[in-house]
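Derivation of every value follows stated rules applied to the coordinates shown; laboratory data play no part. The model shown is predicted, which means the values in this text are computed figures rather than measured ones. With ideal geometry, Cβ positions are generated from the backbone for all residues, glycine too; neighbour counts draw on all protein chains shown.
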Amino acid sequence: MSSSNSKRLLTAQDLFRFIMADDPQISPDGTQVAWVRTWTDAESNSYRAQICITTIADGATRRLTNGPGQDIYPRWSPDGAMIAYLASPEPDATPSSTGPKSSVSVIEGGAQLMLVSAGGGKPQRLTNLLGGVRAPAWSPDGTRIAFLTYVDPAVGLEFRNSKREANEDDLYDKFNRDVLVTTRLRWKWDTIGYLGDYRSHIALVSVGEPDAVPVLLTQGAFDLSAPAWSPDGHMLATTGNLAPDGEAVRNSYIYLLDISGSAPYKLRQLFGLEEMRSNDLAWSPDGTTLAVGGHNDPVIGHYGNQMLWLVNVADGTADCTTRNFDRALGDYSRNYDLRRYGGNDGPRWRQNGEELYVLINEGGSVDLGIVERRSGAVRQLTQGNHSVFAFTMDHSQERIVLLIGDDMNPGDLFVLEPNDEGFAGLRRLTDVNQELLDELEMTEPIRFSAPSGDVVIDSWLIPPVNQAPGERYPVILYTGGGPGGMRASVFCHEFHLYAAHGYAVLHCNTRGNHGYGEAFSVATRGKWGDLDYEDNLASLHTALERFDFLDPARLAVAGGSYGGYSALWIASRHPEFNAAVVDRCMFNRYSFNGTSDMGFLLDQIEFDKQPPWENITPYLERSPMKYVEGIRTPTLVIHSGLDHRCPVEQGEQLFMALKRLDVPTELVRFPNESHELSRSGRPWHRVFRLERYLDWFARWL
């Protein structure tokens, strides 16, 4: 394949030119859609985001906000006149020295709730809370907005700049403000930071009242998820676990909060599941039923299919509508790096109260479908080599807007138009990256199947750009993270970058991933490195046999998170690999259990709830650390200092072991970055990371 004169190769710094579209929200009358436009700002080394509104009839787009930071999460008022949204602090905003301990990172830096006319104008700030604002939701009558905020249960709501001035002359106080003291188990969380004793609770603010002060609706040593209003506006539904050991277990419950009377308000437990998608709560149009996603198997955890449950609000009885549908619901697509947070991917009721819209994971694609309430029958409304990340519908449900990405486009908005037979098909509304994509010479991934034992593995190969006839090219086997997601038809800047530099990039859906039935996804529970290892190698061997432009003498393996674990598992058994890159890996499962923000929850599933002090053997047997002496492949180790998911000590242990074993290695340690560096880290750090990958491959391949 030869490059046309008008096109060029993709670069790492093209990251600064891509636009990310997120969180589509259609207006109640179905004429407009609000969405979030995010881009990277090279000068400030940060992300900027603004809310845009696109007219559905003609695709005309206008900017609604232009804050100095990130304006996100637009939500229309029920009458369509106003839009509530979240605005991050100004770039120069710094935590007050008079506030709570500065190491509690959720405090003072959070977004605040804003309100603006849908036609534009000066926005109004509705909150000024130390704990910030998340997940705002309008009441059906448009007079109130419920939201989440972080609070110290012993204190309640705290307002920014309301703390007493610290005594700078008290040296004990001055030099100990950064100390974190906590009693809770989940005192940190990746991308959020150090929580300390702060908890996620529900608050409420009135709209239209001058100087309205937010009111805290819940309080206690527990966490709650995003609130969902009942159609009559009398109740809020949320999820959590109020038990004293609630944060130590995986199961969750739906709670109802009746706010039609006066405070104090009491949470009523309605229904529980062993695994619950908390963002899936949806009230039926008549207010009698709540839809939620999850499963009730205490053994399989996140490997289980997220099924659709319909819960009777009166008595808490529930029926699993999709018990006979062997696929997970919601967006489980992975391997993207140009997406912020997608948008609504949970179930939504049709006005007839007899059907629900859902997203369906099927063999590397995500599509919109409909579930019949009575029969549980599922039918797809969209179909293609793509992933539907989110969807939204107007009040009459005459129009549905979807956010869709594919192998060659990070994501755009599409409208699903109605006709007499249901829906006529998709029409594109935006083309946020078309100008840039038209400049670039890229190769489209080739999808193929590979036999592995008694299953067939879906695989994607991105050929190198500008192949020369008869030439062979090095191969990067990029192992997937998770497990529990789904490699999918999504755009990955990183993969296309490697292809632009002359590498073929291979990735696949090994067992442990969704989209192929629950038996497929559960197969690796407690057995990491067995069947998924076989599937990765089967995909590689099939690719080498099928594609004559691949060079079997120049092989690299790379991966992040669980993919880093898998890369180590392969490198320790196959010294024929010429290079390895291990990114934010899990290396030592014994130490991971006590240092990861979710290590103890993960190991409940993997090791049948046995902590390491009861039985250390499986923790060591399933740790790449035990097999590190088998590694001879030059290995680049990449990790982030504030990675709370796979803490940085995991990468540091690996690097030290490789050094002592005289394996060629380097450690690239990023300060102030989380587990999400490759997807949402500081832009220049992301570029540096990609350049280190390319440098390592160039050295050893």
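Some points to look at:
- In terms of surrounding Cβ atoms within a 10 Å radius of their Cβ, THR443, THR65 rank from fewest to most as THR443, THR65.
- Neighbour counting of Cβ atoms within 10 Å sorts the residues GLU274, GLU209, fewest neighbours leading, into GLU209, GLU274.
- A straight line joining the Cα centroids of segment 453-519 and segment 605-645 runs 24 Å.
- FRET E, pair ASP141, ARG679, Förster distance 41 Å, beta-carbon r, rounded to 0.05: 0.60
- Two-site FRET efficiency, ASN161 against GLN13, from Cβ-Cβ distance with R₀ of 45 Å, rounded to 0.05: 0.70
- Flagged links, alpha-carbon separation over 32 Å, of LYS188/LYS527; LYS174/LYS266; LYS266/LYS527; LYS527/LYS659: LYS174/LYS266; LYS266/LYS527
- Calculated from backbone phi, Karplus (6.51, -1.76, 1.60) coupling profile of segment 426-437 in Hz, x at Gly/Pro: 8, 10, 5, 9, 10, 9, 5, 10, 4, 4, 5, 4
- Ranked CYS508, CYS320, CYS52, criterion: other C-beta atoms within 10 Å, fewest first: CYS320, CYS52, CYS508
- Computed extension gain for ASP29 through ARG125, at 0.36 nm per residue and net of the alpha carbon distance, reaches 32.0 nm.
- ³J(HN,Hα) computed for each position of segment 608-617 - Karplus, 6.51 cos²θ - 1.76 cosθ + 1.60, integer Hz, glycine/proline x: 6, 6, 8, x, x, 6, 8, 7, 7, 4
- Placing a label point 7 Å from the Cα of ASN324 along the Cα-to-Cβ direction, the residues of segment 364-382 with a backbone N closer than 13 Å are 372-378.
- The aspartates and glutamates whose alpha-carbon is closer than 18 Å to the alpha-carbon of LYS7, local same-chain residues fewer than 8 away aside, are GLU435, ASP438, GLU439, GLU441, GLU444.
- Cα gyration tensor shape of segment 271-314, rounded if a/c is under 1.5, else prolate or oblate by comparing a/b with b/c: prolate
- Extension gain from THR288 to GLN397, taking 0.36 nm per residue of separation minus the Cα-Cα distance: 37.2 nm
- When only Cα pairs below 8 angstrom with a gap of at least 6 residues are kept, segment 223-320 shows a relative contact order of 21 percent.
- Here ASP211 and ARG63 are evaluated by their C-beta separation; at R0 = 30 Å the FRET efficiency comes out at 0.55.
- Distance between segment 1-78 and segment 211-228 - C-alpha centres, whole angstrom: 31
- Relative contact order for the chain, counting Cα pairs under 8 Å that sit 6 or more residues apart, in percent: 11
- Column: log10 I(q)/I(0), Debye, Cα scatterers of segment 425-526, q = 0.13, 0.22 Å⁻¹: -0.60, -1.14
- For VAL668, nonlocal amide neighbours, meaning residues 5 or more places apart or on other chains whose placed amide H falls under 5 Å from its own, are VAL637, ILE638, HIS639.
- Placed amide H near ASP280: partners under 5 Å, 5+ positions off or other chain: GLY293
- The three principal axes of the C-alpha atoms in segment 223-320 carry coordinate ranges of 41, 31, 21 Å, sorted with the longest axis first.
- Spin-label model, PHE549/ASP79: points 7 Å from Cα along the beta carbon direction are separated by 6.0 nm.
- Under 5 Å from the amide H of ARG144 lie the amide H atoms of SER139, VAL207, each residue being 5 or more positions distant or on a separate chain, with H modelled from the backbone and absent for Pro and chain starts.
- The helix-only estimate of mean residue ellipticity at 222 nm for the chain, built from DSSP H runs of length n ≥ 4 each weighted as -39500 (n - 2.57), is -4000 deg cm²/dmol after division by the residue total.
- Full-extension gain in nm, VAL299 to PHE688, via 0.36 nm per residue minus C-alpha separation: 136.0 nm
- Largest-first principal axis extents, alpha carbons of segment 116-216, Å: 51, 33, 24
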